[in-house]
1. How would you rank 127, 185, going from fewest to most other Cβ atoms within 10 Å of each one's own Cβ?
2. If we count other beta carbons within 10 Å of each Cβ, what is the order of 571, 80, fewest first?
3. What whole-number distance in Å separates the alpha-carbon centres of segment 146-167 and segment 249-322?
4. Express as a percent, rounded to the nearest 5, the fraction of DSSP beta bridges in segment 469-546 (both residues included) that run antiparallel.
5. Could you sort 335-347, 128-140, 95-107 so that the peptide with the highest average Cβ count within 10 Å comes first and the rest follow in order?
6. If the label point is 7 Å along Cα→Cβ of residue 515, which residues in segment 467-494 have backbone nitrogen under 19 Å from it?
7. Would you please put 65-71, 19-25 in order of how densely packed they are, using the mean number of other Cβ atoms within 10 angstrom per residue and starting with the highest?
8. Quote to one decimal, in nm, the extra length available between residue 115 and residue 536 on full extension: 0.36 nm per residue of separation minus the C-alpha distance between them.
């Protein structure tokens, strides 16, 4: 049986042109070789798996090649190239700084540098993970790095550039390698699959590329793992099953439920996801990414920010048309807050469910208000008006009415028969319709509308729908969540105890001290306005009751401690008297 070679080694780039996603760096190195402008030291830094060591080896082979091509690539035919490809070149030395990080190791390296190459022009020293060198080793390396022999070239590679001392950085040409894009990784995986006679779906390649997080080596390792799992036919489903990735369809479906305000279906789908073994933090992060992608699709110019396959991109574009922008922004805010609070929550599942229910209520509340407003406007019997907060409409003076003399209303001295002026005004307003009929419709349309709105407002203020204590606590907790970040003191004050529903829709809340009372009173109007609107009851009131707790007096002095013990056990006092003992003060 042939020895298996992993794809990361088998398809490792051997020329500058085959390096994936680092065109700027490879072109710079090729021009430096072509124009003979090679520095004595290079520093390749960047994330893992992006081609630092690969480019270092290609550079080491190319500068020693005896027959460079017109494209400034190694010929792979000369003696130097053959020895390099067979891993027995005496001109290229690789050193792992993680295990050779002492001053003694650097001294041995300096001694080797003094020996010129026997074949080829340059001796190249590739030091990987150079940030692992000790400070003393760095200092011992400074002089040689700054003024090496003409035939010596140093290539340092690291993933943590910030750990290298400035004196080393100033002696090197620094090349920053970038993360490889999802599209470049997917295209390279498709090339590997074609060479290996493996059929693979495009969506599957994009999932692997996203999971690799910009590292081509990781992507090839995942690809080998999927091939071992699925054989020579890789599907999107086999990839998400093997990598424990949540299917896109779950996010598209749950977004439809959120837009429709379908709380039961949303909770059932969340339960299905959790039963499949997915962690809540993973789900909420994926949902945030999904909502972000929908927001990106709202504008054609930002579509390039989507790192998904073309078919999935079309799904995003289609669903984004049904998502209002204010819904997406509000949803992102709620999901982000849930993500932050998830780790510290004692009931993590409830945290997720509560966030999803709030998301469902974004559009459902808006649709209910719009429908109710529309029905109120179109209804012939206008007995209700929709408003965020009940407001008393101003009463403007009546215009003069032709041929009608309205008697002047004078205050009466008899208090028993006297009627409040406001009642007289209401009488006049309520009688507007009959006056209009008497005058043959001389009242203008605007005046009629104002009188009708005033009647509707007074009826609206009397709305008092029944509600249960469970509904009260649900909306109470929802309000508390909205103020937790901005006002943690108020959040603590209103969540320590739950309000109790009394008669006539009076809420009684137990608090601990005057400070909490002042804190709640400062936001009392806002809290009541929120509860009245959500519970559709404008007779709700809130009463605060301070529960005084007597401070426990503990014995402090020696005498007080003795008296306390004597009260509990009189035998101690008798023992003191019999032995004629004194208390040590």
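Values quoted throughout were computed directly from the atomic coordinates according to the rules given, and no laboratory measurement underlies them. The structure presented is a predicted model; accordingly, all values stated were derived computationally and were not measured. All Cβ positions, glycine included, derive from the backbone under ideal geometry; neighbour counts span all protein chains shown.
1. Numbers: 127 25, 185 30.
Fewest to most other Cβ atoms nearby, the residues stand as 127, 185.
2. Numbers: 571 8, 80 25.
Fewest to most other Cβ atoms nearby, the residues stand as 571, 80.
3. 46 Å
4. DSSP beta bridges in segment 469-546 are roughly 25 percent antiparallel.
5. Final packing ranking: 128-140, 95-107, 335-347.
6. Answer for segment 467-494: 484-494.
7. Ranking, from highest mean packing down: 19-25, 65-71.
8. 142.6 nm
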